[in-house]
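Nothing in this text is a laboratory measurement; each read-out follows from the coordinates by a stated rule. This one's a predicted model, so the numbers in the text were calculated from it and none came from an experiment. FYI the Cβ positions are ideal-geometry reconstructions off the backbone, even for glycines, and counts take in every protein chain you see.
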């Protein structure tokens, strides 16, 4: 079976992607995101069950989910070595934007469209999960870019190659 798969054209084309860091990162994000979603929904549904208003329940669930998401994203997805304080502030700040978006969409679906709170939460989750991944990947857990400096003292061939220079 393994010989058959390795000789199959599609498998050979897919193999570099499966071994890439991007695929592993996305896969890890989906796993930790699923666990974060479970935390979020467990708190949200529990609070709704005990009579909390849906926006209050969503905001409290957000607090628990963001705490869980930060730890798991930092450790298991993006393997960040950045300064925790600054990174955590960025994480919470940008996730706060998705909380506002989520609360606005929940209010729209529940009040204007007359959807049930649980159905609305599921619909809104698609928007927030995608937004959260993009914000994490592009803004929060960035790997520091290497310094590229070109010195006037370097030969022209090294300047053209864009070689890194460390002082």
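Starting from residues that are within 13 Å of residue 121 (Cα to Cα) and in contact with a helix residue (DSSP H, G or I) (Cβ under 7 Å, 6 or more places away or on another chain), keep the ones in the range 22-40 and report whichever is surrounded by the most Cβ atoms within 10 Å (Cβ to Cβ).
40
Scanning the range 58-67 for residues that are in contact (Cβ under 8 Å) with a residue 24 or more places away in the chain and buried (at least 18 other Cβ atoms within 10 Å of the Cβ) gives 58, 62, 65, 66.
Being under 16 Å from residue 41 (Cβ atoms) and out of contact with any helix residue (DSSP H, G or I) (no Cβ under 6 Å at 6 or more places or on another chain) is true for just one of 118, 71. Which residue is that?
Numbers: 71 fails: under 16 Å from residue 41 (Cβ atoms).
The match here is 118.
The number of residues in the range 68-113 being surrounded by fewer than 17 Cβ atoms within 10 Å (Cβ to Cβ) and part of a loop (DSSP other than H, G, I, E, B) comes to 5.
Of everything in the range 41-55, what is in a helix (DSSP H, G or I) and surrounded by fewer than 12 Cβ atoms within 10 Å (Cβ to Cβ)? Give them in sequence order.
Looking only at the range 41-55, we keep the residues that are in a helix (DSSP H, G or I), and these are 41-49, 54-55.
Hit for the range 41-55 is 49, nothing else.
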